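Undergrad: First the structure, then my questions, so here it is.
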Amino acid sequence: MLQCLLRPNPIFRMTNKRTLTYLIIALLAFGLYACVPLEQQGQSTAGAAAPQLRFEDYVYDESIRSVQAYLATSLEDEVLNPAVSPLSQERPIVLEFDRLNARQQRLLVKLRHCNANWTPSTLNDTQFLYDFNEFIVTDGQISVNTRIPYVHYRFAVPRVRISGNYLLEVQEEGGNTLLTRRLMVYQDAVVVAAKLGAPLGPGGRETRQPIEFNIMHPDYEIINPAMEVKTIIRQNYRWDNAKVIGKPTYVHDAQRRLEYVFFEPKDQFKGLSEFRAFDTRSLNYRGIGVQSINLQPNPVEVILAPDKSRQGEAYTQTPDINGMRIFGNKQYGNSAVNGDYTWVDFQLKADVKVPGEVYLQGELTGWSEPANARMAYNPELGAYTGRLLLKQGYYNYYYALITGTSAAPDASYFEGSHFETDNIYDILVYYRPPGTRADLLIGYEQLYFNRK
């Protein structure tokens, strides 16, 4: 731009030298600010091609960390709630996240209505929203007394008109997508009654947790339920291993009841084991699962006690939060802005390499397999090692094995699997009424399996 201004130009022939000098100084000042590295500006995606939108929980920018979406209840452990709300929406679903090494920015949120299979529905914005579909995140706080600076953002999801699946998209001004998060809004149109089923076979009796349920719809007309009703069962609110049920096992028309019973082990969830845990809410003493803390480097290094495989071991009852996490700082109290980020080092003992890749699994990795969750084998230590940058808190996790490019992670290889394990299951019931253009979420139920 400066070269263009210095180029002969009829406009600047009419400008005196003093005015031109002031203009050049102003442009240089602007240029110095504009040349601040992108990571400091919090615009690491600027100038890059816009990534394709993914209709799942996903982070598009590596500066985004510690994403949580939950139903607000004013309870201390509300962050453990799933992002599922009744249509009355008396309390909002809340989204929270941090952006590292960034200045406070104006961020925008959009909602997209989705079908049961998380493809975008054909509804326009006015059919599922009361307001214009562009919301500003107004709650942003700069971190205090942390070695790694960040901005903590909080956003309450606005009310919607209809039930169903929604994708929440957070953008920078200019259109760069930072993250997407799934949430659901349901209506109590049907009654879902769930119970524990009978374990099948010797293997199933020991390792799997059968779920059976009925859908009663005495006051809600369902046309062709065998084809039009879709159900999804999740374990501990996870999407990576959710089971999609195509149709009911039995349809009782006279009773207006749909019955779901599962006879094959593949249709039942492995119980696995109670989750492993560690606690970094204080860096002044060693919490659960912590072997040592090194305060000298920046960020601080937290070394966890070495783990070993639990395959073949008897079931052990230990308290956990079903793979989730709770951020906290016992020294300053306000974890939202006082919780610091530390390196956390993991170690899984193994005399020899296993037949596949080893990954850390849990909400700490988004229940996915990002590159930083993959562990490397160290023959000198006789162990798999890994490292994650995590906000102070109490965490649950598993180790999982992936044996092929298309294989699903198998946590039972290292964790074992038991019928007695405490897990949470939730059931989502979808239906598309005749003549409509979107799947509605007409029923929702939770079941606590072997709750201690």
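The values are calculated or read from the model by the stated rules, or taken from the named source; none is laboratory data. Everything numeric here is computed off the predicted structure, so don't read it as measured data. Glycine gets a Cβ as well: all are built from the backbone with ideal geometry, and neighbour counts include every protein chain shown.
Undergrad: Mind listing whichever residues of the stretch 331-342 are assigned to a loop (DSSP other than H, G, I, E, B) and crowded, with 17+ Cβ neighbours inside 10 Å?
TA: GLY339, ASP340
Table: residues versus (1) over 20 Å from LEU80 (Cβ atoms); (2) within 26 Å of the chain's Cα centre (by Cα); (3) part of a strand (DSSP E or B).
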site	(1), (2), (3)
GLU274	no, yes, no
ILE293	yes, no, yes
VAL302	yes, yes, yes
GLY312	yes, no, no
GLY323	no, yes, no
ILE326	no, yes, yes
VAL344	yes, yes, yes
GLN347	yes, yes, yes
ASP351	yes, no, no
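Undergrad: With the requirement that a residue be within 22 Å of LYS308 (Cα to Cα) and either hydrophobic (A, V, I, L, M, F, W, C) or out of contact with any helix residue (DSSP H, G or I) (no Cβ under 8 Å at 6 or more places or on another chain) (or both), what does the stretch 391-410 give you? Full working, then the answer.
TA: Residues of the stretch 391-410 that are within 22 Å of LYS308 (Cα to Cα), as a first pass: 394-403, 408-410.
Scanning the stretch 391-410 gives TYR394, ALA400, LEU401, ILE402, THR403, ALA408, PRO409, ASP410.
Undergrad: Could you name every one of the strands (runs of 3 or more DSSP E) located completely within the stretch 355-452 that has at least 1 residues being among the small types (Gly, Ala, Ser) and in contact with a Gly (Cβ under 9 Å, 6 or more places away or on another chain)?
TA: Numbers: elements: 357-361, 374-378, 383-391, 393-402, 423-431, 440-449.
It comes to 374-378, 393-402.
Undergrad: Something else about it: Can you find even one residue in the stretch 156-174 that is out of contact with any strand residue (DSSP E or B) (no Cβ under 8 Å at 6 or more places or on another chain) and without any contact (Cβ under 8 Å) to a residue 60 or more places away in the chain?
TA: Just the residues of the stretch 156-174 that are out of contact with any strand residue (DSSP E or B) (no Cβ under 8 Å at 6 or more places or on another chain), to begin with: 159, 174.
This time we only want the ones that are without any contact (Cβ under 8 Å) to a residue 60 or more places away in the chain, so: none.
Checked against the condition, which is being out of contact with any strand residue (DSSP E or B) (no Cβ under 8 Å at 6 or more places or on another chain) and without any contact (Cβ under 8 Å) to a residue 60 or more places away in the chain, the stretch 156-174 yields no hits at all.
Undergrad: Determine whether the stretch 99-108 contains at least one residue that is in contact (Cβ under 8 Å) with a residue 12 or more places away in the chain, charged (D, E, K, R) and touching a helix residue (DSSP H, G or I) at 6+ places or on another chain (Cβ under 9 Å).
TA: Yes, because at least one residue in the stretch 99-108 is in contact (Cβ under 8 Å) with a residue 12 or more places away in the chain, charged (D, E, K, R) and touching a helix residue (DSSP H, G or I) at 6+ places or on another chain (Cβ under 9 Å).
Undergrad: Working only within the stretch 288-301, note down all residues that are under 21 Å from ASN145 (Cβ atoms) and loosely packed, with under 15 Cβ neighbours inside 10 Å.
TA: Answer for the stretch 288-301, where residues must be under 21 Å from ASN145 (Cβ atoms) and loosely packed, with under 15 Cβ neighbours inside 10 Å: ASN294, LEU295, GLN296, PRO297, ASN298.
Undergrad: When GLU169 is evaluated against the numbered criteria (1) under 13 Å from GLN89 (Cβ atoms); (2) not in a loop (DSSP other than H, G, I, E, B), which criterion, by number, is the only one it fails?
TA: (1)
Undergrad: Out of curiosity, is SER63 within 21 Å of the chain's Cα centre (by Cα), at pLDDT 95 or above, surrounded by 19 or more Cβ atoms within 10 Å (Cβ to Cβ) and farther than 30 Å from GLU228 by Cβ?
TA: It is true that SER63 is within 21 Å of the chain's Cα centre (by Cα), at pLDDT 95 or above, surrounded by 19 or more Cβ atoms within 10 Å (Cβ to Cβ) and farther than 30 Å from GLU228 by Cβ.
Undergrad: I'd like to verify a number: residues in the stretch 252-287 that are among the hydrophobic types (A, V, I, L, M, F, W, C), within 25 Å of GLU221 (Cα to Cα) and surrounded by fewer than 14 Cβ atoms within 10 Å (Cβ to Cβ), how many?
TA: Of the residues in that region, 1 qualify.
Undergrad: Still on this structure: So ALA83 clears everything in (1) under 21 Å from THR365 (Cα atoms); (2) surrounded by fewer than 20 Cβ atoms within 10 Å (Cβ to Cβ) except one condition, right? Which one?
TA: If we test ALA83 against (1) under 21 Å from THR365 (Cα atoms); (2) surrounded by fewer than 20 Cβ atoms within 10 Å (Cβ to Cβ), just (2) comes out false.
Undergrad: So which residues in the stretch 153-178 are surrounded by fewer than 22 Cβ atoms within 10 Å (Cβ to Cβ) and closer than 30 Å to GLN331 by Cβ?
TA: ARG154, ALA156
Undergrad: While we're here: Restricting the search to the stretch 102-147, which residues are closer than 24 Å to GLY333 by Cα and basic (Lys, Arg)?
TA: ARG103, ARG147, listed by residue number.
Undergrad: Only one of ALA314, ALA305 is more than 21 Å from SER417 (Cα to Cα), surrounded by fewer than 17 Cβ atoms within 10 Å (Cβ to Cβ) and either of a type outside the set (S, T, N, Q) or in contact with a Leu (Cβ under 7 Å, 6 or more places away or on another chain) (or both). Can you tell me which?
TA: ALA305
Undergrad: Out of the stretch 172-217, which residues are modelled with pLDDT of 95 or more, over 29 Å from the mean Cα position of the chain (by Cα) and over 25 Å from ARG451 (Cβ atoms)?
TA: Within the stretch 172-217, HIS217 is the sole residue that qualifies.
Undergrad: Looking only at the stretch 228-243, filter to residues that are part of a strand (DSSP E or B) and touching a residue at least 40 places away in the same chain (Cβ under 8 Å); which one of those is farthest from the chain's Cα centre (by Cα)?
TA: Per the criteria, the residue is VAL229.
Undergrad: For ARG451, which of the numbered conditions (1) touching a residue at least 24 places away in the same chain (Cβ under 8 Å); (2) more than 28 Å from PHE327 (Cα to Cα) fails to hold?
TA: (2)
Undergrad: Output yes when any residue across the stretch 351-364 is free of Cβ contacts under 8 Å to residues at least 60 places away in the same chain, surrounded by fewer than 16 Cβ atoms within 10 Å (Cβ to Cβ), charged (D, E, K, R) and not assigned by TED's automatic domain parsing to the domain that holds GLU76, and no when none is.
TA: Scanning the stretch 351-364, I find at least one residue that is free of Cβ contacts under 8 Å to residues at least 60 places away in the same chain, surrounded by fewer than 16 Cβ atoms within 10 Å (Cβ to Cβ), charged (D, E, K, R) and not assigned by TED's automatic domain parsing to the domain that holds GLU76, so the answer is yes.
Conditions tested, residue by residue: (1) acidic (Asp, Glu); (2) surrounded by 18 or more Cβ atoms within 10 Å (Cβ to Cβ); (3) in contact (Cβ under 8 Å) with a residue 60 or more places away in the chain.
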site	(1), (2), (3)
THR403	no, no, no
SER406	no, no, no
HIS418	no, yes, yes
PRO434	no, no, yes
LEU441	no, yes, yes
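Undergrad: Does THR342 satisfy the condition of being polar (S, T, N, Q), more than 13 Å from PHE278 (Cβ to Cβ) and modelled with pLDDT of 95 or more?
TA: Against the criterion (polar (S, T, N, Q), more than 13 Å from PHE278 (Cβ to Cβ) and modelled with pLDDT of 95 or more), THR342 does not qualify.
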